[in-house]
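Reading through the structure tokens given below for one structure.
A short reminder: the numbers here are calculations on the coordinates, not readings from a lab. Note that this is a predicted model, so its numbers are computed, not measured. Virtual Cβ from ideal backbone geometry, glycine too; neighbours counted across all protein chains shown.
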Ligand SMILES: C[S@@+](CC[C@H](N)C(=O)[O-])C[C@H]1O[C@@H](n2cnc3c(N)ncnc32)[C@H](O)[C@@H]1O
Ligand SMILES: [Zn+2]
């Protein structure tokens with residue numbers, strides 16, 4: 001892929017110093033114990049692995065699917081018949097990410113994690129989609145564990161399948177669940193990331209250890225601006241992320257690349273996976289796809305937060 005790359009680090013780069021890495025030795029579970037540790041979404045007691053899947057002391061049973069994931073989304077919390085991204089969006093994103101157009105972001109996410117945590121850490125990828133970033137995070141944690149959570153069953157199924165294919169199932173665990181009601185105990189994770197996915201800051205704060213890290217990836221100002229120019233008469237830039245309530249920002253980095261997409265399938269998948277895809281008139285979409293080379297800006301911001309230690313440093317929610 002023809003690419004003209006520029007990588008801007010706007011504020012302080014992450015230290016990358018080993019001395020700053022978080023020790024995870026206070027973790028209750030032995031780092032060598034690779035069985036996933038969930039809590040029951042119904043009664044909140046710990047789940048224990050059994051032959052079929054997982055069960056709690058109150059005999060709530062959750063079976064493991066053949067791909068290896070477990071569905072921990074109670075039917076009453078589904079909200080809709082097919083919650084989260086549709087299977088069509090999942091397939092488009094899976095195929096687009098397979099081109100590695102977002103490889104530079106994947107690397108930055110993995111590097112950020114590596115610079116902050118040691119290899120035994122427990123990490124949650126909240127809204128993991130098809131596991132593109134979850135895989136990269138797990139590669140950094142030879143003795144740790146990464147949990148991928150998504151409300152879309154189609155996405156989790158694919159993520160689990162892929163982790164099985166690369167034989168990473170010991171370090172990666174996938175479940176269908178909502179970020180609003182994460183199936184984990186309090187103070188469980190060293191790092192929670194959310195990459196273009198919705199979360200609830202109070203739920204993140206509950207599950208994160210007190211010295212844990214919350215990493216977010218959001219679109220930068222110019223992300224997909226060329227597509228927006230096709231859709232809107234007056235396209236607007238993305239606004240910066242509002243600091244989640246109860247957290248303080250400790251680092252931010254900006255990543256920008258302009259790439260030329262020349263395959264019609266890649267352009268079509270990109271159009272299909274973006275949230276505003278349905279706003280592109282069918283005719284315009286076809287024109288875009290048939291026009292051939294599409295020069296497009298990928299612009300991301302990676303933010304790193306920690307729980308605020310006191311009221312003064314805590315970010316408040318916007319009214
Ligand atoms: C834009 S996609 C990003 C997926 C992945 N992080 C990536 O960047 O490839 C947003 C994801 O959030 C998931 N999602 C939406 N609402 C959710 C919720 N309440 N809990 C968990 N996942 C959710 C969607 O199903 C979708 O997979
Ligand atoms: Zn239970």
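Descriptive notes on the structure:
- A protection proxy built from the mean count of other Cβ atoms within 10 Å ranks the segments 91-99, 282-290, most packed first, as 91-99, 282-290.
- Separation between Cα centres of region 42-66 and region 95-133, rounded to whole Å: 28 Å
- Taking region 108-143 and a reference point 7 angstrom along Cα→Cβ of residue 200, the backbone N atoms nearer than 15 Å belong to 127.
- For region 201-275: relative contact order, % (alpha-carbon pairs under 8 angstrom, 6 or more apart): 28 percent
- Percent of Cα-Cα distances greater than 15 Å, calculated over region 201-253: 58 percent
- As a proxy for reagent exposure, 173, 223, 60 were ordered by neighbouring Cβ count within 10 angstrom, fewest first; the result is 60, 223, 173.
- Debye equation applied to the C-alpha atoms of region 87-151, log10 I(q)/I(0) at 0.25, 0.29 Å⁻¹: -1.08, -1.26
- For region 41-111, the alpha-carbon radius of gyration amounts to 1.53 times the rule-of-thumb value 2.2 N^0.38 Å expected for a compact globular protein.
- Taking region 131-160 and a reference point 7 angstrom along Cα→Cβ of residue 77, the backbone N atoms nearer than 13 Å belong to 149-152.
- Cβ-derived FRET efficiency at R0 41 Å, residue 276 paired with residue 35, nearest 0.05: 0.50
- For the peptides 112-121, 47-56, the ranking by packing is 112-121, 47-56, with the highest mean count of neighbouring Cβ atoms within 10 Å listed first.
- If both residues of a DSSP beta bridge must be in the chain, then about 60% of such bridges are antiparallel.
- 20 Å reach of a label modelled at residue 98, 7 Å along Cα-to-Cβ, counting backbone N of region 272-300: 272-274
- The orientation-averaged projected area of the convex hull spanned by the Cα atoms of region 175-319 comes to 10.7 nm².
- Our estimate of slack between residue 234 and residue 211, defined as 0.36 nm per intervening residue step minus the Cα-Cα distance, is 4.0 nm.
- Ellipsoid fit via the Cα gyration tensor, the chain: semi-axes of 32, 24, 19 Å, each the root of five times an eigenvalue, largest first.
- Between region 185-206 and region 228-278, the Cα center-to-center distance that results, in Å: 22 Å
- For the chain, the longest principal axis of the C-alpha atoms and the axis of helix 264-273 are separated by about 50°.
- Principal-axis analysis of the Cα atoms of the chain puts helix 87-97 at an angle of about 80° to the longest axis.
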